[in-house]
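Here is the structure we will look at.
The values are calculated or read from the model by the stated rules, or taken from the named source; none is laboratory data. Only a predicted model underlies this, so the values are computations on that prediction, with no experimental measurement involved. A quick note on method: Cβ atoms are made from the backbone with ideal geometry, for glycine too, and the neighbour counts reach across all protein chains shown. Remember, those area values only see protein heavy atoms, side chains included, never the ligands or the DNA or RNA. Shrake-Rupley method; radii C 1.70, N 1.55, O 1.52, S 1.80 Å.
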Amino acid sequence: MPPSTVTIQQADFDLSAEVAALRDGDAQVGAVASFIGTVRDRSDGSSVWAMELEHYPGMTERAIEAMVDEARRRFHIRGVRVIHRVGALMPRDQIVLVVVTSAHRHDAFQACEFLMDYLKTQAPFWKKETTPDGARWVDARQADDAALARWGLKLDNAV
Amino acid sequence: MRIQIRYFASLREALGAQETIGVDAGTTLGALRDQLIARGGEHARCLARGRAVRSALDQVMADDTAPLHDGAEVAFFPPVTGG
């Protein structure tokens, strides 16, 4: 079984290289689903000039690894790769990568979305945006809690 | 018993990154939050009941009922906004 690897890093990442590494030597893979989150230049009606991402070292990795374990219980998947960047980011920069491999597409799609819904509300990251009016911490969205609730997980974050 | 408290994001800016304090045996995470609120000032404002504050015990999300232990690592932080 290919590995699950979670990395928190300041450096950028390369989708093609990560997919190639995850597929390497695994001929059982018939589907690869990936998601990349990127920095928008507008948020809540104002321009965003830059973003700073803070996290809780140690807990972050543990939390995401627990999510991957849960994804493995729910879906027939093979490899999982998660990269989340921290530190200073600019509009259009990549923030987060989730790649899932499986034998068939349904499990890969489902597991990728499940992991992102889970990560948005349960992994200890915080975004601070620099706008023309100054720096501000981003508010959590109840819509993200609702997205996780669709999977039967009632773990409120925003309220 | 001695416990370490860590703060993140807006709470870190207001309260500092971490502190180590002594608490009575049997103290729960919720009771600790109430003790910090009782200090008044920025602690009372940032940790006030009714404000969205999340907590972790030993690097796992935890609620007010979680019992603390000697050497515990407790963290308070705002709702998370990664991804």
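Annotation: the antiparallel percentage among DSSP beta bridges lying fully within chain B is about 75.
For the pair A and B, the buried accessible area comes to roughly 2000 Å² in total, with a 1.4 Å probe and the value rounded to the nearest 100. Only protein heavy atoms count here; under a 1.4 Å probe, A:H104 has an accessible surface of about 130 Å². Candidates A:A27, A:M51, A:Q94 compared by Cα position along the dipole of chain A: farthest toward the positive end lies A:A27, with charges placed on Cβ. Rounded, prolate or oblate: which one fits chain A, using the alpha carbon gyration tensor with axes a ≥ b ≥ c (rounded when a/c is under 1.5, else prolate when a/b beats b/c, else oblate)? Verdict is prolate for chain A. Under the convention that each Lys and Arg Cβ holds +1 and each Asp and Glu Cβ holds -1, the size of the dipole of the protein assembly as shown around its Cα centre is about 340 debye. Using Cβ point charges alone (K and R +1, D and E -1), the dipole size of the range B:1-82 about the Cα centre works out to roughly 300 debye. Computed on protein heavy atoms with a 1.4 Å probe, the accessible areas place A:L155, B:L32 in the order A:L155, B:L32, largest first.
Under the combined filter of DSSP loop state and at most 16 neighbouring Cβ atoms within 10 Å, the range A:1-80 retains these trypsin sites (Lys or Arg not before Pro): A:R40.
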